[in-house]
Amino acid sequence: MTLGFAILGAGRIGQAHARAISATAGARFVALSEPLQAAADDMQARYGCDLRSIDEIAASDDIDAVAICTPTDTHADLIEQFAKAGKAIFCEKPVDLSADRVRQALDTVAQTNAKLMVGFNRRFDPDFMSVKAAIDAGQVGDVEMVVITSRDPGPPPAAYIKVSGGIFRDMTIHDFDMARWLLGEEVTSVMAQGSVLVAPEIGELGDFDSVNVILKTASGKQAVITNSRRATYGYDQRIEVHGSKGMVAAANRHESTVEVAGGVGFTRPPLLNFFMDRYAVAYANEIAAFVAAVTGGGALPTTGQDGLRALELADAALESAQTGKAVTPG
């Protein structure tokens with residue numbers, strides 16, 4: 001079976017998924033919905049896809065699945081529309097900035113028996129998958145502590161901050177999902193601190209640019225997440241998992257593996273400096289996993305419930321940072 005895809009939105013993430021779909025066996029990029037003509041023309045020229053409206057895509061017999069890459073405030077409505085239309089749905093995170101609205105959309109998904117996968121691409125990064133495989137194989141014993149470092153090269157523009165939902169819902173949400181995945185247990189306590197150390201305008205908009213979060217499960221397992229909107233040395237993405245038998249870690253990715261040594265020390269190429277480069281393989285892997293699950297009838301690896309749980313942790317982190325108290329998520 002070949003899965004006919006439509007992509008909703010031709011922005012950066014839509015372009016990433018267009019590349020992934022076009023390179024995935026068993027998938028075909030059929031149609032695009034994009035209101036900006038220049039962006040639509042560019043994607044049509046690259047991939048030969050049709051340009052159709054949202055409603056036309058919902059009614060199209062040659063479309064089996066949609067990839068929702070539109071602004072966040074449209075996600076829940078589109079999920080509901082395409083669930084009712086009988087399409088398989090891949091949606092970028094988050095489903096919505098409101099947990100209640102997410103629950104409503106997931107109710108529709110359940111009622112229609114639709115297939116929904118939420119795009120937490122970092123689970124599909126080869127290095128992070130190897131970390132998870134080592135845990136599952138028992139190489140580190142029982143997981144006790146997880147440390148996740150995620151720092152962006154620089155802050156996004158103020159216009160983006162205004163609609164992002166804040167650092168916890170926009171940036172840390174990826175790390176909340178990773179923490180749940182690596183801990184193997186649900187989080188019962190969230191303690192967070194936030195500061196404005198990078199860009200004063202972010203604070204003026206009511207957000208933080210530098211945060212630390214401590215998560216704890218009922219059994220006492222812990223995860224520590226550190227985020228910053230600025231890393232002068234590149235896109236900083238690291239994970240460490242400590243267990244009863246040892247430790248497994250994934251280091252940063254550099255532009256190349258070449259290292260030069262001399263009298264003044266060792267020099268290495270810089271880090272990959274943008275998430276589209278750092279996670280290019282992860283984006284391809286997650287689309288391949290979605291196609292395999294939909295065509296093969298298997299379980300989707302990241303679900304709407306995963307999206308809801310990560311958002312609940314983000315909401316709890318924001319409350320904790322504002323009140324200075326530990327918060328129970330959900």
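Looking at the structure I just gave you, is Leu318 surrounded by 13 or more Cβ atoms within 10 Å (Cβ to Cβ) and either hydroxyl-bearing (Ser, Thr, Tyr) or not in a loop (DSSP other than H, G, I, E, B) (or both)? So Leu318 passes the test.
Scanning segment 141-179 for residues that are more than 21 Å from Ala251 (Cβ to Cβ) and among the hydrophobic types (A, V, I, L, M, F, W, C) gives Ala158, Ala159, Ile161, Val163, Ile167, Phe168, Ile173, Phe176.
Of Asp64, Asp41, Asp55, all but one fail to be among the acidic types (Asp, Glu), farther than 30 Å from Phe176 by Cβ and touching a Lys or Arg at 6+ places or on another chain (Cβ under 9 Å); the exception is Asp64.
Among Gly119, Gly141, which is the only one that is surrounded by fewer than 16 Cβ atoms within 10 Å (Cβ to Cβ) and in contact (Cβ under 8 Å) with a residue 40 or more places away in the chain? Spell out how you get there, then give the answer.
Details: Gly119 fails: surrounded by fewer than 16 Cβ atoms within 10 Å (Cβ to Cβ).
Just one listed residue meets the conditions, Gly141.
Out of everything in segment 8-48 that is of a type in the set (S, T, N, Q) and outside any strand (DSSP E or B), what residue ends up being nearest to the chain's Cα centre (by Cα)?
Filtering segment 8-48 for residues that are of a type in the set (S, T, N, Q) and outside any strand (DSSP E or B), the one nearest to the chain's Cα centre (by Cα) comes out as Gln15.
Does Phe5 meet the test of being aromatic (Phe, Trp, Tyr), outside any helix (DSSP H, G or I) and in contact with a helix residue (DSSP H, G or I) (Cβ under 9 Å, 6 or more places away or on another chain)? Judged against the criteria, Phe5 is a match. How many residues, within segment 259-302, are closer than 22 Å to Thr24 by Cβ and among the polar types (S, T, N, Q)? So the count comes out to 3.
The requirement of being under 18 Å from the mean Cα position of the chain (by Cα), assigned to a helix (DSSP H, G or I) and surrounded by 20 or more Cβ atoms within 10 Å (Cβ to Cβ) is not satisfied by Ala284. If you take the residues in segment 176-201 that are within 30 Å of Pro157 (Cα to Cα) and of a type in the set (Gly, Ala, Ser), which one is surrounded by the fewest Cβ atoms within 10 Å (Cβ to Cβ)? Looking at residues that are within 30 Å of Pro157 (Cα to Cα) and of a type in the set (Gly, Ala, Ser), I get Ser195.
Considered as a group, the residues in segment 202-219 that are surrounded by fewer than 21 Cβ atoms within 10 Å (Cβ to Cβ) and either free of Cβ contacts under 8 Å to residues at least 12 places away in the same chain or under 18 Å from Ala158 (Cα atoms) (or both) include one that is farthest from the chain's Cα centre (by Cα), and that residue is Glu204.
Taken over segment 167-185, the criterion of being assigned to a loop (DSSP other than H, G, I, E, B) and either basic (Lys, Arg) or under 25 Å from Thr72 (Cα atoms) (or both) is satisfied by Met171 alone.
Scanning segment 2-49 for residues that are surrounded by fewer than 16 Cβ atoms within 10 Å (Cβ to Cβ) and on the phi > 0 side of the Ramachandran plot returns Gly26, Gly48. Each residue in segment 287-315 was checked for being of a type in the set (S, T, N, Q), surrounded by fewer than 19 Cβ atoms within 10 Å (Cβ to Cβ) and not in a helix (DSSP H, G or I), and 1 pass.
Restricted to segment 67-86, and to residues there that are in contact with an Asp or Glu (Cβ under 7 Å, 6 or more places away or on another chain) and of a type in the set (A, V, I, L, M), the residue that is surrounded by the most Cβ atoms within 10 Å (Cβ to Cβ) is Ile68.
Evaluate the following for Glu80: is it acidic (Asp, Glu), touching a Cys at 6+ places or on another chain (Cβ under 9 Å) and at pLDDT 95 or above? Don't jump to the end; show me each part of the working.
Working: acidic (Asp, Glu): yes; touching a Cys at 6+ places or on another chain (Cβ under 9 Å): no; at pLDDT 95 or above: yes.
Criteria not met by Glu80.
Applying the criterion of being within 22 Å of the chain's Cα centre (by Cα) and of a type in the set (Lys, Arg) to the residues of segment 220-242, the residue that is nearest to Pro269 (Cα to Cα) is Arg238.
The values are calculated or read from the model by the stated rules, or taken from the named source; none is laboratory data. Remember, it's a predicted structure, so these values are computed and weren't measured experimentally. Positions of Cβ are backbone-derived with ideal geometry, glycine not excepted, and every protein chain shown enters the neighbour counts.
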